[in-house]
Amino acid sequence: MQRKGNTINRDSQVVNQISVGIDMGGSLWATAVQDWGAGKMSYYGLKDKDNQSKEERAFELVSKLLQSGKRVDVFYEAGRYGYWPARKLIALGATVHILPINKLKVAVGPESWTT
């Protein structure tokens, strides 16, 4: 039996974490940012703008998030863009998780859920 003093709750684990999800579409990179400690969710529609590509804008956003000193986890599917964004994000200091979307089971309702 674990003593109460050793219990780790969810809040203490994610307070210093920011999660970034990027849907790397053709002309738009839809980006969601969850700052777990602040309890804040933000959405960005990154397009080519002001002499900056959507890719540059995404890397700039992640760079700014890293300046907070929190751990930044970036999630995306390596579709048409492959792995080069991961290499760039890792070089910036982010932790990158590449999602194999074609391997995930789609659950459309309770009848398809398994326990």
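The values are calculated or read from the model by the stated rules, or taken from the named source; none is laboratory data. Since we're looking at a predicted model, the values are computed, not measured. All Cβ positions, even for glycine, are placed from backbone atoms using ideal geometry, and neighbour counts span all protein chains on display. Remember, those area values only see protein heavy atoms, side chains included, never the ligands or the DNA or RNA. Shrake-Rupley method; radii C 1.70, N 1.55, O 1.52, S 1.80 Å.
Listing for the model above:
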item	result
Residues satisfying the stated conditions in region 23-39, i.e. aliphatic (A, V, I, L, M), surrounded by 13 or more Cβ atoms within 10 Å (Cβ to Cβ) and either touching a residue at least 60 places away in the same chain (Cβ under 8 Å) or not in a strand (DSSP E or B) (or both)	MET24, LEU28
Condition broken by PHE59, with the remaining ones in (1) modelled with pLDDT of 95 or more; (2) open to solvent by 50 Å² or more (accessible area, probe 1.4 Å) satisfied	(2)
Hits in region 52-88 (condition: farther than 18 Å from SER42 by Cα and under 11 Å from the mean Cα position of the chain (by Cα))	GLU77
Answer residue from region 63-92, given it is in contact with a strand residue (DSSP E or B) (Cβ under 8 Å, 6 or more places away or on another chain) and free of Cβ contacts under 8 Å to residues at least 40 places away in the same chain and is most open to solvent (accessible area, probe 1.4 Å) among those	TYR83
Residue satisfying all of: in region 1-22; at pLDDT 85 or above and not in a loop (DSSP other than H, G, I, E, B); nearest to GLY79 (Cα to Cα) among these	ILE22
